[in-house]
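Report on the structure given below.
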Amino acid sequence: MTLLVTGGAGFIGSNFVLDWLNESDEQVINLDKLTYAGNLENLTSLRHNPRHIFRHGDIKDAILVCGLIKEYKPRAIINFAAESHVDRSIHDPEDFIQTNIVGTFQLLESVRSYWENLPSKANGECKTKGVNKTSFRFLHVSTDEVYGSLTKDDSAFTESNRYKPNSPYSASKAASDHLVRSYHHTYGLPVLTTNCSNNYGPYHFPEKLIPLMIVNALAGKPLPVYGDGQQIRDWLYVKDHCSAIRRVLEAGDVGEVYNIGGCNEKPNLEVIYAICGLLDELAARTDGINYHEQITYIADRPGHDRRYAIDASKIEQKLGWKPAETFESGIRKTVLWYLTNPEWVAHVQSGTYRERIQSPYIT
């Protein structure tokens, strides 16, 4: 049995691949474009694992995708491939449109050819009778940002909330979610969609809030806080997210959407103070200054959503899943991981991992 995972060298995708191969005997075909956030060093422990087969490529490449599908006949495809940083989407939205919308469309077309046993635009490469129509699933991983912003008095997002995206990133993910839904209702494709809250944990590229604060603090750099720092997010430890996806893939109802949250609403400033407190405990500055003194307030981000909050009662009630980590336990594990993996941080920041594109490991 085989899974095809797209975006499996990124932050969430690589954690999922590592977790899946640890929990299962199945083979994983890992397709990743290796943009700046896709890093094979996340998967170093799998270098000699015959159940992990990496392919360097783009989900928009129908010939490549169809070739992989025809060769390996996956029982499920899990789509993590996405551009995901809001700031980058504000400054240059085109990559987000191409990957998150056009890429998802092309991937769905390849999967539909496989599902329907029809020739595809890629010279019929997906036409095969290998699919098991009873068990096959296409699981699309998305975000709570598609729902827009909440006030402090609003109820948390449920799966029935209207989509109100406020950034090019969230708009592109909303579009991809709608495409996935349409392929189920129009073509009968057996899809599942998950919308998660803010992830954190190992292998997180240091441009997002938590890894950036850890890395900047240790380097003695300012800790930039947008606006007043009171923007609220629900924080989900990445390994909890992986276990939720496993559960949705195992028992989720076809065509359904499942919100995945950590039940940990925190203002950004509180998160930063928690990180600083842990670093004071675990890696105190030699000059005796507390890390929170590096906090610097900067102009707020354009269109900055004030609050996200996930109501994860559906996945708990229907599938019996809930997060194992509290924010306190998860953030301690995260800080410890960054403290014990300085080489990974150094390579990511220097960009030297990109040299692996020429490595024999990539085929």
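The values are calculated or read from the model by the stated rules, or taken from the named source; none is laboratory data. Everything numeric here is computed off the predicted structure, so don't read it as measured data. When we count neighbours, we look across all protein chains shown, and the Cβ atoms used for this are built from the backbone with ideal geometry, even at glycine.
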#### Entry: In region 299-351, the residues that are among the acidic types (Asp, Glu) and within 17 Å of Lys208 (Cα to Cα)
Asp300, Asp305
### Message
Suppose we filter region 127-138 for residues that are in contact with a helix residue (DSSP H, G or I) (Cβ under 9 Å, 6 or more places away or on another chain) and in a loop (DSSP other than H, G, I, E, B); how many remain?
### Response
6
### Summary
Among residues of region 63-98 being part of a helix (DSSP H, G or I) and of a type in the set (A, V, I, L, M), the residue modelled with the lowest pLDDT is Val86
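What about Asp253, is it of a type in the set (D, E, K, R) and surrounded by 17 or more Cβ atoms within 10 Å (Cβ to Cβ)?
Working: of a type in the set (D, E, K, R): yes; surrounded by 17 or more Cβ atoms within 10 Å (Cβ to Cβ): no.
Taking the combined requirement at face value, the residue does not satisfy it.
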### Task
Please go through region 44-64 and pick out each residue that is touching a residue at least 60 places away in the same chain (Cβ under 8 Å), more than 19 Å from the chain's Cα centre (by Cα) and within 17 Å of Thr99 (Cα to Cα).
Ala62, Ile63
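Yes/no matrix, rows are residues, columns are (1) among the hydrophobic types (A, V, I, L, M, F, W, C); (2) in contact (Cβ under 8 Å) with a residue 60 or more places away in the chain; (3) part of a loop (DSSP other than H, G, I, E, B):
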residue: His140; (1), (2), (3): no, yes, no
residue: Glu145; (1), (2), (3): no, yes, no
residue: Lys152; (1), (2), (3): no, yes, yes
residue: Glu159; (1), (2), (3): no, yes, yes
residue: Tyr169; (1), (2), (3): no, yes, no
residue: His178; (1), (2), (3): no, no, no
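Does region 255-310 hold any residues that are of a type in the set (A, V, I, L, M) and touching a Lys or Arg at 6+ places or on another chain (Cβ under 9 Å), and which are they?
Here is the first cut: in region 255-310, the residues of a type in the set (A, V, I, L, M) are 257, 260, 269, 271-272, 274-275, 278-279, 282-284, 289, 295, 298-299, 309-310.
Once the filter is applied, which keeps residues that are of a type in the set (A, V, I, L, M) and touching a Lys or Arg at 6+ places or on another chain (Cβ under 9 Å), region 255-310 yields Val257, Val271, Ala274, Leu278, Leu279, Leu282, Ala309.
Please enumerate the residues belonging to region 1-19 that are under 25 Å from Val102 (Cβ atoms) and over 14 Å from the mean Cα position of the chain (by Cα).
Pass one, region 1-19, residues under 25 Å from Val102 (Cβ atoms): 3-14, 16-17.
Matches in region 1-19: Leu3, Leu4.
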### Filtered residues of region 20-43 (kept if within 29 Å of Gln98 (Cα to Cα) and among the hydroxyl-bearing types (Ser, Thr, Tyr))
Thr35, Tyr36
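Anything in region 75-87 that is more than 17 Å from the chain's Cα centre (by Cα) and within 24 Å of Lys173 (Cα to Cα)? List them, or say none. Even if it seems obvious, please write down each step before you answer.
Kept after step one, since they are more than 17 Å from the chain's Cα centre (by Cα), are these residues of region 75-87: 75-76.
The answer is Ala76, and nothing else.
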### Query
Does region 4-42 hold any residues that are in contact with a strand residue (DSSP E or B) (Cβ under 9 Å, 6 or more places away or on another chain), β-branched (Val, Ile, Thr) and in a loop (DSSP other than H, G, I, E, B), and which are they?
none
### Query
Does region 275-289 hold any residues that are touching a Leu at 6+ places or on another chain (Cβ under 9 Å), of a type outside the set (Lys, Arg) and farther than 27 Å from Asn259 by Cβ, and which are they?
Cys276, Leu278, Leu279, Leu282, Ala283
#### Entry: Exclusive hit being over 23 Å from Ala174 (Cβ atoms), in contact (Cβ under 8 Å) with a residue 24 or more places away in the chain and either surrounded by 21 or more Cβ atoms within 10 Å (Cβ to Cβ) or touching a Gly at 6+ places or on another chain (Cβ under 9 Å) (or both), set Leu107, Leu31
Leu31
### Tally of residues being free of Cβ contacts under 8 Å to residues at least 60 places away in the same chain and surrounded by 17 or more Cβ atoms within 10 Å (Cβ to Cβ) across region 66-78
1
### Query
What residue, among those in region 135-184 that are within 16 Å of the chain's Cα centre (by Cα) and of a type in the set (S, T, N, Q), is nearest to Arg301 (Cα to Cα)?
Ser170
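Only one of these is over 30 Å from Ile275 (Cβ atoms), modelled with pLDDT under 95, in contact with a Phe, Trp or Tyr (Cβ under 9 Å, 6 or more places away or on another chain) and of a type in the set (Gly, Ala, Ser): Ser176, Ser120, Ser113, Ser135. Name it. Walk me through how you get there before you give the answer.
Values: Ser176 fails: modelled with pLDDT under 95; Ser113 fails: in contact with a Phe, Trp or Tyr (Cβ under 9 Å, 6 or more places away or on another chain); Ser135 fails: in contact with a Phe, Trp or Tyr (Cβ under 9 Å, 6 or more places away or on another chain).
Of Ser176, Ser120, Ser113, Ser135, the one residue that is over 30 Å from Ile275 (Cβ atoms), modelled with pLDDT under 95, in contact with a Phe, Trp or Tyr (Cβ under 9 Å, 6 or more places away or on another chain) and of a type in the set (Gly, Ala, Ser) is Ser120.
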